[in-house]
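In what follows, a structure is listed as structure tokens, so that the remarks can point back to it.
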Amino acid sequence: MTTPEPHRPPPATDPRRPARVRVTAPRTSAKPSSGTYPVTREMAEHSAVGEVVVGSLIRSQLRLALVVAGGFLIILIGIPVLLGLFPSIREVTVFTVPVPWLLLGLGVYPLSIACAALYVRSASRNEKRFQDLIDEG
């Protein structure tokens with residue numbers, strides 16, 4: 001007497017469903033464990049090293065914000081000062097629009113966008129350096 005084979009579903013012949021394939025590989029990308037604490041662990045444990053690393057990022061971002069804001073304010077305040085020092089500029093027009101209006105109305109928006117783009121690019125660079133430091137440690 002033969003034992004019946006266990007019930008197996010028929011192979012998937014539906015053309016809409018691809019056959020399942022299991023892909024495996026040896027784990028070769030893992031870094032060898034060293035005896036040092038990684039920076040992320042230092043930060044998680046709120047150790048002195050972690051506080052220094054995070055404090056460094058905060059200081060660099062604050063410094064960047066102050067430099068960009070300061071430069072923006074100097075240029076923004078410089079436009080009225082320029083107009084006050086040279087009153088003859090008030091008489092110049094471009095297509096019947098006075099130049100001071102053009103400077104204050106149209107000159108401020110590109111300046112704001114340029115400062116914002118500079119800040120975002122530099123802040124991203126600071127964060128990338130911080131991330132590289134964490135990944136390295």
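Brief remarks follow.
- Positions within segment 108-118 being surrounded by fewer than 11 Cβ atoms within 10 Å (Cβ to Cβ) and hydroxyl-bearing (S, T, Y), in sequence order: Y109
- Checked against (1) over 13 Å from I79 (Cβ atoms); (2) loosely packed, with under 13 Cβ neighbours inside 10 Å, G105 meets all criteria but (1).
- Tally, over segment 91-137, of residues that are in contact (Cβ under 8 Å) with a residue 12 or more places away in the chain and hydrophobic (A, V, I, L, M, F, W, C): 10
- Number of residues in segment 74-111 that are among the aliphatic types (A, V, I, L, M) and not in a helix (DSSP H, G or I) equals 4.
- Residues of segment 75-128 that are farther than 30 Å from R59 by Cβ and aromatic (F, W, Y): F86, F95, W101, Y109.
- None of V99, V81, V67, V54 is more than 21 Å from the chain's Cα centre (by Cα), β-branched (V, I, T) and surrounded by 12 or more Cβ atoms within 10 Å (Cβ to Cβ) except V99.
Any read-out appearing in this document is the output of simple, stated calculations on the displayed coordinates, not a laboratory observation. In this text the structure is predicted, and so the values were computed from the model without any measurement. Glycine gets a Cβ as well: all are built from the backbone with ideal geometry, and neighbour counts include every protein chain shown.
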